[in-house]
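Working notes, beginning with the structure itself.
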Amino acid sequence: MQKLSEFIESQVILPCDASDLNTMFESVARAAVKISAKVMRAGILDVLGSAGAENIQGEVQQKLDVLADEILIKSLGNSGLFAAAASEENEEIVIFEGSKSAPYVIAFDPLDGSSNIDVNVSIGTIFTIFRRVDQSKEVSVKDFFQAGDKQLAAGYVIYGTSTMMVMSTGNGLNAFTLNPDESTFYLTHADILIPKSGRIFSINEGNYSSFHQGLKRYIAWCKSDQTDLGSPYSARYIGSMVADIHRNFLKGGLFLYPPTTSSPNGKLRLLYECMPMAFLAENAGGKASTGLERILDLQVEGLHQRCPIYIGSANMVEKVINFLDNPDMQ
Ligand code: P6P
């Protein structure tokens with residue numbers, strides 16, 4: 001089986017050469033191995049529960065959130081190729097003093113879905129890599145204010161029944177499974193293509209009362225015999241973005257996080273959640289939209305800005321947008 005490093009070397013990659021990407025992905029992989037080991041032993045290591053602080057979002061930080069952030073910052077800083085990192089857990093960017101003139105920056109959510117840690121549900125790390133806007137200038141937050149289409153590479157690590165890294169360098173979508181005995185990721189799912197249609201819709205219907213009228217009609221349609229299948233879809237919602245999206249990438253389906261009363265711009269963050277997932281989806285024949293525009297067309301204007309997201313099977317994304325555009329449509 002091909003190792004992650006061997007796979008990346010085999011890729012023809014522009015404008016970044018394979019050795020740079022290899023080093024960057026290896027730094028993420030090394031951190032993922034350490035995070036996986038902590039996640040799998042959380043109860044034993046006494047790292048369950050809250051860290052007693054809140055992050056930039058005002059969300060209670062879990063002990064593992066903080067630990068994962070620290071592990072990533074250390075590993076990425078040691079790579080020598082990142083000038084700075086942006087993390088969900090840090091209000092400002094973290095500048096790597098030892099490599100602050102390096103050509104790349106990385107943004108990540110160290111442990112997405114961390115509220116599920118204590119109940120043993122799959123969680124994940126999401127990351128995206130950009131070439132800096134202008135390497136002749138000092139690294140700054142402006143290096144993160146780029147369009148989704150400018151992403152050089154992206155991926156997520158899902159800590160589930162196995163630990164997998166799902167990644168793209170812009171040449172398709174591939175997944176690697178960790179052999180913990182060797183601390184090595186092996187290619188197990190090559191050239192993933194998201195089925196154009198599916199039967200799974202993933203949304204938190206607890207927010208139903210605040211949904212757009214067109215979305216309410218779409219959900220009713222999903223539950224009817226009027227679907228393209230002639231029978232109702234299946235509702236699946238884990239409450240962990242990486243887990244819900246990973247399942248839909250492999251089986252087909254649609255993940256929806258629309259505007260709600262408590263999150264009028266959507267709950268999920270553009271830079272380190274929606275953009276990387278959109279990059280991965282489009283590299284596997286899927287789509288990702290805010291409901292109004294393609295997520296990869298968006299320009300980041302704030303490290304922690306949020307956006308609505310409809311992502312997954314291309315035909316299903318198109319269908320929900322059709323309902324949003326035509327709220328009276330049956
Ligand atoms: P809700 C987890 O807290 C998270 O950030 C994502 O992983 C997940 O998709 C979403 O929030 C779940 O949010 O409002 O449905 O609990």
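Quick check on residue 82: is it modelled with pLDDT of 95 or more and either under 28 Å from residue 161 (Cβ atoms) or surrounded by 21 or more Cβ atoms within 10 Å (Cβ to Cβ) (or both)?
For residue 82, the condition - modelled with pLDDT of 95 or more and either under 28 Å from residue 161 (Cβ atoms) or surrounded by 21 or more Cβ atoms within 10 Å (Cβ to Cβ) (or both) - is met.
Assess whether residue 194 counts as being in contact (Cβ under 8 Å) with a residue 60 or more places away in the chain, surrounded by fewer than 21 Cβ atoms within 10 Å (Cβ to Cβ) and in a loop (DSSP other than H, G, I, E, B).
Considered against the rule, which asks whether it is in contact (Cβ under 8 Å) with a residue 60 or more places away in the chain, surrounded by fewer than 21 Cβ atoms within 10 Å (Cβ to Cβ) and in a loop (DSSP other than H, G, I, E, B), residue 194 comes out as no.
Hey, can you tell me all the residues within segment 251-272 that are outside any loop (DSSP other than H, G, I, E, B), within 16 Å of residue 320 (Cβ to Cβ) and within 11 Å of the ligand (Cβ to nearest atom)?
255, 256, 257
As an exercise: evaluate residue 318 against (1) surrounded by fewer than 21 Cβ atoms within 10 Å (Cβ to Cβ); (2) under 20 Å from residue 203 (Cβ atoms); (3) touching a residue at least 40 places away in the same chain (Cβ under 8 Å) and give the number of the one condition it does not meet.
The number of the failed condition is (3).
Any chance you could count how many residues in segment 159-185 are of a type in the set (Gly, Ala, Ser) and touching an Asp or Glu at 6+ places or on another chain (Cβ under 8 Å)?
Residues flagged as of a type in the set (Gly, Ala, Ser) and touching an Asp or Glu at 6+ places or on another chain (Cβ under 8 Å) within segment 159-185 amount to 1.
Report the residue count in segment 95-117 for those that are within 16 Å of the ligand (Cβ to nearest atom) and under 19 Å from residue 31 (Cβ atoms).
9
Kindly provide the set of residues from segment 3-27 that are surrounded by fewer than 16 Cβ atoms within 10 Å (Cβ to Cβ), assigned to a loop (DSSP other than H, G, I, E, B) and either among the β-branched types (Val, Ile, Thr) or at pLDDT 90 or above (or both), ordered by number.
Result: 12, single match.
Name the residue, out of 316, 277, that is assigned to a helix (DSSP H, G or I) and more than 14 Å from the ligand (Cβ to nearest atom).
The unique qualifying residue is 316.
For residues in segment 233-250 being open to solvent by 10 Å² or more (accessible area, probe 1.4 Å) and either in a loop (DSSP other than H, G, I, E, B) or over 25 Å from residue 108 (Cα atoms) (or both), which is nearest to the ligand (Cβ to nearest atom)?
Per the criteria, the residue is 239.
Which one of these is hydroxyl-bearing (Ser, Thr, Tyr), within 21 Å of the chain's Cα centre (by Cα), at pLDDT 95 or above and more than 16 Å from the ligand (Cβ to nearest atom): 177, 184?
Matching residue, one of 177, 184: 177.
The values are calculated or read from the model by the stated rules, or taken from the named source; none is laboratory data. Computed from a predicted model, the values in this text were never measured in an experiment. Don't worry about glycine lacking a Cβ; one is built from the backbone with ideal geometry, like all the others, and counts go over all protein chains shown. Surface areas here come from the heavy atoms of the whole protein model, side chains and all, with no ligands, DNA or RNA. Shrake-Rupley method; radii C 1.70, N 1.55, O 1.52, S 1.80 Å.
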